[in-house]
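Q: Take a look at the following structure, please.
The values are calculated or read from the model by the stated rules, or taken from the named source; none is laboratory data. These numbers were taken from a predicted model, which means no experiment stands behind them. For accessibility, only protein heavy atoms count, side chains too; no ligands or nucleic acids. Shrake-Rupley method; radii C 1.70, N 1.55, O 1.52, S 1.80 Å.
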Amino acid sequence: MMLDKALSHLTSQIDEKVARLQEALGTGVAKDYSEYQRMCGEVQGLLTARLYIRDLAKNVEDSDE
């Protein structure tokens, strides 16, 4: 199904961005605490979006049955 592919692709993009941010955080790239907080907030927001996408995919799958 085309929607499944789109949601999977979107989830993959989110996972890649989260991994890049986590790596940057781990290597101390943040210039100051404010930037560190922003980056952490971005990770949190992306992880929340990923959960919403997975819930949507599950709801779509359940409605197809």
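Q: Taking the 0 to 90 degree range and rounding to the nearest ten, how far is the long axis of helix 33-64 tilted relative to the main principal axis of the chain, both from C-alpha atoms?
A: Between the helix axis and the principal axis of the chain, the angle is about 10 degrees.
Q: Largest first, what is the accessible-area ranking of Lys31, Lys58 with a 1.4 Å probe?
A: From most exposed to least exposed: Lys31, Lys58.
Q: Please list Glu42, Glu16 in order of solvent-accessible area, largest first, computed with a 1.4 Å probe with all protein chains present.
A: Sorted by accessible area, descending: Glu16, Glu42.
Q: Helix-derived [θ] at 222 nm for the chain: sum -39500 (n - 2.57) over DSSP H runs of at least 4, divide by residue count, nearest 500?
A: Helix-only estimate at 222 nm: -31500 deg cm²/dmol.
Q: Please report, in cubic angstrom per residue, the volume enclosed by the convex hull of the alpha-carbon atoms of the chain.
A: 60
Q: In straight Cα distance, which aspartates and glutamates are under 20 Å from Lys58, not counting same-chain residues fewer than 8 positions off?
A: Result set, ordered by chain and number: Asp4, Asp15.
Q: For Leu21, Leu46, Leu56, write out the residues from largest to smallest accessible area, computed with a 1.4 angstrom probe and no ligands counted.
A: Greatest to least solvent exposure: Leu56, Leu46, Leu21.
Q: Using a 1.4 Å probe, how large is the accessible area of Leu51, given in Å² and rounded to the nearest 10?
A: Near enough 110 Å² of accessible area.
Q: Where does helix 2-26 land angle-wise versus the long Cα axis of the chain, in degrees 0 to 90, nearest 10?
A: 10
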